[in-house]
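Everything below concerns the one structure shown next.
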Amino acid sequence: MKPFRYERPTDVASAVALLRGAPDGAYLGAGTNLVDHMRLGIATPDLLVDVRQLTSDRIEELRDGGLRIGAAVPNSDLAADRTIRRRYPFLAEAVLSGASGQLRNLATTGGNLLQRTRCVYFQDLTTPCNKREPGSGCSMREGYQRDAAILGASEACVATHPSDMAVAMVALDAMVRVQGPDGERAIPVTELHRLPGQEPERDTVLNRGELITAVDLPPLAFAANSRYRKVRDRASYAFALVSVAAALDVADGTVRDVRLALGGVAHKPWRASKAEQALRGGPATEASFRAAADAELADARPLPGNAFKVPLARNAITRTLLDLMEGQQ
Amino acid sequence: MKTSAPALETRSITYADITLRVDGSDHRLTIDTRMTLLDALRERLGNTSPKKGCDHGQCGACTVLLNGRRALSCLALAVAYQGAEIVTAHGLADGEKLHPLQQAFVEHDGFQCGYCTPGQIVSAFGMLQEAAAGWPSVVTKNLNDPELVLSDDEIRERMSGNLCRCAAYANIVPAIAEVAR
């Protein structure tokens, strides 16, 4: 591991200033992803700015009826929070379906959003990877494709985003609050992560030195009827092949409103807007759920090694929505 | 033929003076900032209770309690945990008297080679506290159910971050269940 300086500033402004003066520096949250990457040589910061004490580790009520999750809130606290469990159960389920108890106790809300892909080639320094080393090539396109994206990928990169938590947040239209060298701003979480395009090395739209300080969840009454379904190779402690975050509002057999997002299928948590559009105002039936899934997946461009993800996603979407129907009866 | 040692690459290694509180005792150390908590415990303090399995946060053998919560010491930088309360499997025992979880692992034959065992036991300790606090798991049927029962399925799910290459799971689950119920 490359040597680095360690700083623990006492406020966000100082942290931002420290990183501004260190082009190869990085913020350190719990480090569950970053420390591993430093050991592997994927990340080589010469300065770590410890930010765990700088942002809130609390979940607070907002005046509009939503909730503000401090960036330092551990994943385990987020999932255990009784208000989250009641108002946004799919967010608690998403967090609980990721990692292990030990990791959730360490990992922070901000860090979870910024974790990097688990693409095996990205994590193997001996293989070409455009995300790790721009211009070197993509090994997954010709290699082991089981974990590859089916939506929104590019010639340069077919990696997927690993977060479960972010998928539920994307379905909720959460807002990410950020502080950086140019002040504060709020970014819709649907726009935080990027598609790879020609710059797969950039996971997010964050500018250098910007620090996530909180995530705001807007009020969404029907999110009380929501579910996160994760399909993976093991029953526990594995990343998603496909996951579905859904919230459903049905009255008199008609879909009044719906939120749908997918994990494991793209370079970013994938908001299934086309499926949502197909569902709203239509009949709440298995056939229409399936048709809506097809509408979303019409854009899928699977590789030979992950073509199974298309029917898997279709079935997972349909099953999740059917489960939520039962929840409304 | 001229022989000379190759020049060492100039490196700016950074050291930090820290105090680690481990199993109730304070230890002052000067460490390289790159040192993980696991390495500090094992190599500097001689506490080999937490084990180095994968060193990537995947196996759970290095599990310790950090400020009362189970956590992976291989992914924690020691410099970031000065002042934290650290408890290892060694510290769970009361001198020579085993903790009930340790005793249960012995009685149920909850190990074969024993390498993952300290991590399993600390993880189980933390897990039981989480369940007592009403934390659900992903297999909990009703997220808001106040009456959480630690079924075998619940134990398996909550302990999934601790791998056992000897596959002693069939005895680990009953050992934990005995203490849980």
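Each row is one residue, and each column tells you yes or no for (1) part of a loop (DSSP other than H, G, I, E, B); (2) facing chain A (nearest Cβ under 9 Å); (3) over 29 Å from A:Arg86 (Cβ atoms).
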{"residue": "B:Ala104", "(1), (2), (3)": "no, no, yes"}
{"residue": "B:Pro118", "(1), (2), (3)": "no, no, yes"}
{"residue": "B:Ala131", "(1), (2), (3)": "no, no, no"}
{"residue": "B:Leu148", "(1), (2), (3)": "yes, no, no"}
{"residue": "B:Ile155", "(1), (2), (3)": "no, no, no"}
{"residue": "B:Ala167", "(1), (2), (3)": "yes, no, yes"}
(message) Any residue that is more than 22 Å from A:Ala292 (Cβ to Cβ) and part of a strand (DSSP E or B) - is there at least one of those in region A:192-207?
(response) yes
(request) Looking only at region B:66-87, count how many residues are more than 9 Å from chain A (Cβ to nearest Cβ) and surrounded by fewer than 24 Cβ atoms within 10 Å (Cβ to Cβ). (result) 8
(request) Could you tell me whether any residue of region A:73-86 is surrounded by fewer than 18 Cβ atoms within 10 Å (Cβ to Cβ) and more than 9 Å from every other protein chain (Cβ to nearest Cβ)? (result) yes
(message) Can you confirm whether B:Ala61 is in a strand (DSSP E or B), of a type outside the set (Phe, Trp, Tyr) and closer than 28 Å to B:Ala175 by Cβ?
(response) no
(request) Read through the list (1) under 30 Å from A:Gly137 (Cα atoms); (2) of a type in the set (Gly, Ala, Ser); (3) over 18 Å from the mean Cα position of the chain (by Cα), then give the number of the only condition that A:Ala238 fails. (result) (3)
(request) Working only within region B:15-29, note down all residues that are at positive phi and surrounded by 17 or more Cβ atoms within 10 Å (Cβ to Cβ). (result) B:Asp23
(message) For region A:204-228, which positions are under 22 Å from A:Ala149 (Cα atoms) and either crowded, with 21+ Cβ neighbours inside 10 Å or modelled with pLDDT under 95 (or both)?
(response) A:Tyr228
(request) Would you mention how many residues in region A:35-71 are touching a residue at least 24 places away in the same chain (Cβ under 8 Å), within 9 Å of chain B (Cβ to nearest Cβ) and outside any loop (DSSP other than H, G, I, E, B)? (result) 5
(message) Looking at A:Asn33, A:Asn105 in this structure, which one is of a type in the set (S, T, N, Q), within 20 Å of the chain's Cα centre (by Cα) and farther than 30 Å from B:Pro146 by Cβ?
(response) A:Asn33
(request) Kindly check whether there is at least one residue in region A:97-105 that is outside any loop (DSSP other than H, G, I, E, B), buried (at least 23 other Cβ atoms within 10 Å of the Cβ) and polar (S, T, N, Q). (result) yes
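Which ones in region B:117-156 are among the charged types (D, E, K, R) and touching a residue at least 24 places away in the same chain (Cβ under 8 Å)?
Residues satisfying the conditions are B:Glu130, B:Asp152.
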(message) Condition check: out of contact with any Cys (no Cβ under 9 Å at 6 or more places or on another chain), of a type in the set (Val, Ile, Thr), more than 9 Å from every other protein chain (Cβ to nearest Cβ) and buried (at least 21 other Cβ atoms within 10 Å of the Cβ). Does A:Thr108 satisfy that?
(response) yes
(request) Could you tell me whether any residue of region A:62-73 is at pLDDT 95 or above, within 27 Å of A:Leu321 (Cβ to Cβ) and out of contact with any helix residue (DSSP H, G or I) (no Cβ under 7 Å at 6 or more places or on another chain)? (result) yes
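The values are calculated or read from the model by the stated rules, or taken from the named source; none is laboratory data. All values derive from a computational prediction rather than experimental measurement. Methodologically, a virtual Cβ is constructed for each residue, glycine included, from the backbone with ideal geometry; neighbour enumeration extends over all protein chains shown.
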